[in-house]
Amino acid sequence: MKGIEKKWIYLIILSIIWGSSFILIKKALVGLSPLQLGALRTIFAAVFLLVIGAYKLKQIRRPEWKWIAISAFVGTFIPAFLFAFAETEIDSAIASVLNSTTPIMTLLLGALLFAIGFTRRQLLGVIVGLLGSVVLIWSGAEMNEGQNYWYAALILAASVCYAINVNIIKRYLQEVPAMAITVGHFIVILFPAIGVLLYSDFFSEATFQKPQLYESIGYLAILAIFGTGLAKIVFNSLVQMSTPVFATSVTYTIPIVALLWGLLDGERFNLWQLLGACLIILGVFLSNRRNKKARPN
């Protein structure tokens, strides 16, 4: 399979999996707290990945473990909790659209921290995308007065984390197999996740008296295995075979899947929110587009 074909297939797979992740988080939060959700999501994914890929750890050299650890916390551990807390206050569809700012954050941080240049068109994309985020957050707060849209900042913080992560993988872990990176991530964050789970009172009597607990754990298991474990392997492969901005352009199509799930679940989405979403997608398009080479006369 040619590289250019393979990366688009990976992009479509990730769009479907991660586009469905937001509604799974929402359903899992019915019977779990954000801390419990983030911790269990990490633990389930870690166990699954260790079963299928522990042998890959020997492919990570000692100097690379530093970057594996940083990437693990920034790209997986912290965002798992940020999304869980954010979706206690804002709709899953809105969270998915705000997550679309990841390529914009990737571009900004690539320039600021990794000395990667950008064009005027890409700068315009950053401005348009951030304007769309403001419109989306403002309109959502106006329509859903019972929701606290300050929590949208948690999604933007997760986007920054993802942006740092893809630049780290591209720059420092390019030669490490994607499976090894993913399993290494979860070896690093498994015990911190267990610590958070113990702190969250998950094993208390009150938790196990919740009627929705086991249904929520079922949704969480699907999220952990597919949305975290398998998707991370595919995403790390995509980063290595393409560019950081192309890899994060999966956020073009994630909102389409997430919005469909949100509407089916009764979430509201007005014209102002649609405008904000369109501005974000336009901003991502502009920031992801490169200037065409001039044709010879």
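Values in this text are rule-based calculations from the coordinates and carry no lab data. Quantities reported herein were computed from a predicted structural model and do not represent experimental measurements.
Take every Cα pair under 8 Å in the chain that's 6+ residues apart, average their separations, divide by the length, and report that relative contact order as a whole percent.
In percent, rounded to a whole number, it is 42.
Which whole-Hz ³J(HN,Hα) couplings does the range 188-204 yield from phi under the Karplus relation 6.51 cos²θ - 1.76 cosθ + 1.60, θ = phi - 60°, glycine and proline marked x?
Each residue of the range 188-204 in turn: 5, 9, 4, 6, x, 5, 4, x, 5, 4, 5, 5, 7, 6, 4, 8, 7 Hz.
Hey, got the Cα dimensions of the chain along the principal axes, in Å, largest first?
76, 52, 34
Grab the range 1-110 and count how many Lys pairs have their alpha-carbon atoms under 26 Å apart, sequence gap of 8 or more, or different chains. Please report the intermediate quantities before stating the final value.
Working: LYS2/LYS56; LYS6/LYS56; LYS7/LYS56; LYS56/LYS66; LYS58/LYS66.
Lysine pairs meeting the criterion: 5.
Using the Karplus curve 6.51 cos²θ - 1.76 cosθ + 1.60 with θ = phi - 60°, what ³J(HN,Hα) values do you get for each residue of the range 128-134, in whole Hz, with x for Gly and Pro?
Working through the residues one at a time gives 4, x, 5, 4, x, 5, 4 Hz.
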